[in-house]
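I have placed the structure first, in the form of structure tokens, so that the comments after it can refer back to it.
The values are calculated or read from the model by the stated rules, or taken from the named source; none is laboratory data. Here the structure is a predicted model, which means the values were calculated and not measured. Positions of Cβ are generated from backbone atoms using ideal geometry, with glycine treated the same way; all protein chains shown enter the neighbour counts. Calculation scope for accessible area: heavy atoms of the full protein, side chains included, ligands and nucleic acids excluded. Shrake-Rupley method; radii C 1.70, N 1.55, O 1.52, S 1.80 Å.
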Amino acid sequence: MPPKALERVLAAVVCFLMLAAGYTAVVISQRQAALQTISRYNAAWTVSQAVAEFLDLERILASYALPQGATTFDDVQLRLDIMFSRLDTFQPNEETELGKGRSLRQFIRSDVRNEKVVERLRASLETIDGLLITNGPSFDVGGALQTLGSLNADMTALTSRAAAYGAELSEADQRELARLHLILSGLMSGLIFCGILLITLIWWQNKLVHKAHVKLQTTATKLEEAHRSLVSQNQRFDAALNSMSQALCTCNVDGQLIVFNDQFAKLVGIAPATLAGMDLKKVIAAAAGQNTPSVIEIILQQQSSLIQGRRKGRFTVDLPDGGAYAVSHEPIPDGGWLATYEDVSERRQSEARIFHMAHHDALTGLPNRVLMRKKLLDRCAEPAIEDGCDILLLDLDGFKEVNDTLGHDIGDQMLREVAARLRSCVAHEGTVGRLGGDEFAILTRRGCTSDDASELAESILAAISEPFHLDGRNVVVTASIGIAAHIGTSCTPDEVFKHADLAMYQSKADGKGRVTRFSQDIAERLLAQKSLEADLREAMSLNHLEVHYQSLHDTQTRQVKGFEALLRWKRRGLDFVPPPDFIPVAEKLGLIDEIGEWVLRHACQEALNWPSQLTVAVNISPMQVHSGNIANRVLSILSETGLAPHRLELEITESVLLEAAESTLLTLHQLRQLGVRIALDDFGTGYSSLSYLTTFPFDKIKIDRSFVRNISTRANASSVIEMIVQLSTELGMITTAEGVENEEQLRCLQIMGCSQVQGYLFARPQSAHALLLQAPNAVVARSQPV
Amino acid sequence: MHSLLIRLITALAVILISQLPLLAAELRLPQGKPILSISGAIKVANSGNEAIFDRDMLEALGTAKIVTKTPWFDGVTEFSGVRLDKLMDLVGAHGQTVTAVALNNYVTTIPIDDFSRYQAILALKRDGSYMSIREKGPLFIIYPFDTDPALRTQTYFGRAAWQVAKLVVE
């Protein structure tokens, strides 16, 4: 039961008790009043009194009748008066207010007999009174006695009836009392019941109160626990906040500080106790320095747009003193915001260092390729000016030699010196950067014209051509310069660089130490190169590559000894492209392995159609050798085709040995062990170091056509050939002269003792198909001297 | 000294005069028909141990009126008679109760305090006429029933005796 309802029940019980008590009091008092107001039981008494008075009158009359009686006439008169007086009280007609309900009159009225008795008594008394008045003391006493005597029985009966009437009344009253008692008992029971109910209710309420108390206590305990946990959580929260490296603060929507940590207090330079609940404006005012704005003021200025816009954001504030703060701002749902401030001064500085390192060359301190490219990118975003110039690309000529001969330290020293000269030369005309190695770039100032650039380039060339004093000696180098500009909006920095690069290579190709401006020619060449590359890529799949064969003949007998396989590319199926034009492209495109293998397979297969004494020679590019798995390739192709290894001759150039590593020599030895013969091609051109001949036991030396061409006209050429032939003979190598075009040349070679010859004198390279059209015999026959 | 003596004598004279009724406890005998005798614990008597009164003697004490309703007569009735407390003083009553005895031998005992508390009277007249024996006279003890509900009970109705002839102080 809820306490409220209980209270109501209690109040109702109390009210009921009060009403019951009141009612009881009223009932009792009414009863008391009824009992006290009137004489209820005096009827019998009054009647008996009347009877006594009646008998007294009789007695007096009797005594008066006696002759010597002491009774006087006055006595008789008195008794009669008394009787009359009594008679009045029986008078049923009279009704007095106070006598209402008086028992005597009710009694008289209750029975006709009583009224008759009273009537007869009155008549008798009046008769006697008449006698007394008429006759005086000598009245007829006997008659009077007789008159009264007839009433004796009636009077006694009246007394009896009065007694019975009294008893009846008493009984009625007793009944009334019993009823009252019953009511009282009921009331008492009610009271007792109510009392018990009250006690129960009070007990129940006590229980409820106790329960509520216990509940309250439990709640209080829980509250206390919650409070304790809250306190400890707060402490942890505080500890966590204060152990943060960042300064943190939370403000409400009015800009009042709600939460902040020690770092924040340190940042603003105000004691935490003072800071608590402070308005941000006041914080700024309190933190304000003497002259300069405080750190927090600068930060909050930048943060204000985020605060007002209720946006999330991160930014870094750079302070005038070089310090920096990273700010992370985030609005919170209640309208306020939370922000962290991290001192990132060190990080900022190291970032700057890293940025510098990433954008500058360590050796010279000049901007590197990345930065130069960035700057160029910015320049490209600007509109191009007519006949303008943006970039100069400079490459030292012969730096590699300086490095190789004088060492890297000297090389580095030289690069530093070059950088210094460039810097002083360019000054305000542009920005100097080092792109890598001995390659430098100058981004010209804005608005630089082509003429300005040429002038600058010339002055640079002059500055570079001055001797460098390195390690006690004078070193002279030159530089090749390419100039390029961005044209229109389609030009990207990479393209500008490429253009400059192309122009620079043009300078080198044109004889070094000069300046070339990128032109449409160069661009066209570039385009041609591109299309060549594209065509070459397609050549394999379109079957535009062919292998042609040129015969090798014995110098003395002119007998065919074998064929050299020569790759022919019929570009777009139309024109043959000379190998020197596309082999470097194939190498650059990484197609050389595939092409080389294809040529090798074709040649080996083709050789199987020939007489078994004929050899087939295949050119191997340096890249194929360096890729390392040429030996396996050759082996697998030999086993595939079934060509005897000794019939295969692999021709390599000197450049293979130029970067002769252990692995390269190993590969060559492996091939030779297979039985394959190795020939050194184009001997006499390039570096032509005789030491190469001792590096590897070649089977054959092929003398370059440039020597053969001049064999009959220039003495030094024939001497070289003679020397090579002699040397080869001594080393047990076969010699082959290339490009023999006439009998004169053949004769000279015959005299010199050259083993084999090759050239248009005997046969042009022809396709396998053309070769096969002739019978093998015919091949041999054709090779017979005419 | 002289004047002091005169003052003393004067004071004594005043005291004596004020005590005169007590000292002159002489009650003359009734000239007419005696209607009341007071006996018992009284100091003043005129006939042996009793004090006997006729109507004149009683009326000589001075009369008082009580106008009240009663159980015995219709409506409001005016009674006049002697104040019972004065009567008791006159006879030097020194008891607690007074027993009234009526001609018809009715007896009732009344605490003597009732007389002064309720100023009850010994009525001689009803509505200006002397009451005969037939009219519950010649003397009727009357309380002023209308003045106090406590008086309108059987106790006081019982004490209001009529045809009173004797009073015995005890």
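Residue A:192 contributes about 100 Å² of solvent-accessible surface, heavy atoms of the protein only, 1.4 Å probe.
Can you pull the percent of the protein assembly as shown's accessible area that's carbon plus sulfur, 1.4 Å probe, other chains left in place?
Roughly 55 percent, rounded to a whole number.
Place a label point 7 angstrom from the Cα of residue A:25 along the Cα-to-Cβ direction, then list the residues of region B:137-154 whose backbone nitrogen is under 20 Å away. Taking a point 7 Å out along Cα→Cβ of residue A:25, the residues of region B:137-154 whose backbone N falls under 20 Å are B:149-150. Reachable lysines from residue A:312, Cα under 30 Å, same-chain residues fewer than 8 places away excluded? Output for residue A:312: A:266, A:281, A:282. For the pair residue A:770 and residue A:629, the difference between a 0.36 nm per residue extended length and the Cα-Cα distance amounts to 47.5 nm. Neighbours of residue A:548, meaning other residues whose beta-carbon lies under 11 angstrom from its beta-carbon, give a summed charge of 0 when Lys and Arg score +1 and Asp and Glu score -1.
Count the net charge of all other residues whose Cβ sits under 13 Å from the Cβ of residue A:453, scoring Lys and Arg as +1 and Asp and Glu as -1. That works out to -4. Within the straight-line cut-off of under 29 Å between alpha carbons, the lysines reachable from residue B:33 are B:43, B:65, B:86, B:125, B:136, B:166, sequence neighbours fewer than 8 places apart in one chain being disregarded. With protein chains left intact and a 1.4 Å probe, residues in region A:103-176 average 50 Å² of accessible area per residue. Rolling a 1.4 angstrom probe over the protein heavy atoms with all chains in place gives region A:624-735 an accessible area of 46 Å² per residue.
What residues in region B:57-76 lose 40 Å² or more of accessible surface when the other protein chains are added to their chain alone (1.4 Å probe)? Residues meeting the cut-off: B:69, B:71, B:72, B:74. Of the residues A:360, B:122, A:84, the one whose Cα sits farthest toward the positive end of the charge dipole of the protein assembly as shown, with +1 on the Cβ of Lys and Arg and -1 on the Cβ of Asp and Glu, is A:84. What is the angle, in °, between the Cα long axis of helix A:592-607 and the longest principal axis of the Cα atoms in chain A? Nearest 10 is fine, range 0 to 90. Once rounded, one gets 50 degrees. Of the trypsin sites (Lys or Arg not before Pro) found in region A:274-365, those in coil by DSSP whose Cβ has at most 15 other Cβ atoms within 10 Å are A:310, A:311, A:312. Averaged over the residues of A:79-88, the number of partner chain Cβ atoms lying within 10 Å of the residue Cβ comes to 5.
In this calculation the C-beta distance from residue A:288 to residue A:315 is compared with R0 = 25 Å, giving a FRET efficiency of 0.65.
Once A binds B, the 1.4 Å probe can no longer reach about 1900 Å² of accessible area, counting both sides. Once the Cα-Cα distance is subtracted from the 0.36 nm per residue extended length, the residue A:451 to residue A:238 segment shows a gain of 69.6 nm. Counting only aspartates and glutamates at least 8 places from residue A:700 when in the same chain, those with an alpha carbon closer than 14 Å to its own are A:554, A:564, A:649, A:651, A:654, A:681, A:682, A:730, A:738.
Rolling a 1.4 Å probe over the protein heavy atoms gives region A:213-289 an accessible area of 64 Å² per residue.
Around the Cα centre of chain A, unit charges on the Cβ atoms of Lys, Arg, Asp and Glu (plus for the first two, minus for the last two) sum to a dipole of about 1780 debye. Note every residue of region B:77-105 with a reduction of at least 40 square angstrom in accessible area, all protein chains present versus the isolated chain, computed with a 1.4 Å probe, or write none. Buried-area filter returns B:103, B:104. In terms of accessible area, using a 1.4 Å probe and ignoring ligands and nucleic acids, A:222, A:561 rank largest first as A:222, A:561. Close amide H pairs (under 5 Å, H built 1.01 Å from N) link residue A:552 with A:561, A:562, A:563, A:564, residues at least 5 positions away or on another chain. When the other protein chains are added to the chain by itself, burial of at least 30 square angstrom of heavy-atom accessible area (probe 1.4 Å, ligands and nucleic acids ignored) affects these residues of region B:125-145: B:133, B:134, B:136. Couplings 3J(HN,Hα) of region B:114-123, computed from phi: 3, 4, 6, 5, 9, 6, 5, 10, 9, 6 Hz, in residue order, whole Hz [Karplus 6.51 cos²θ - 1.76 cosθ + 1.60, θ = phi - 60°; x for Gly and Pro]. Taking all Cα pairs closer than 8 Å and separated by 6 or more residues, the relative contact order of chain A comes to 6 percent.
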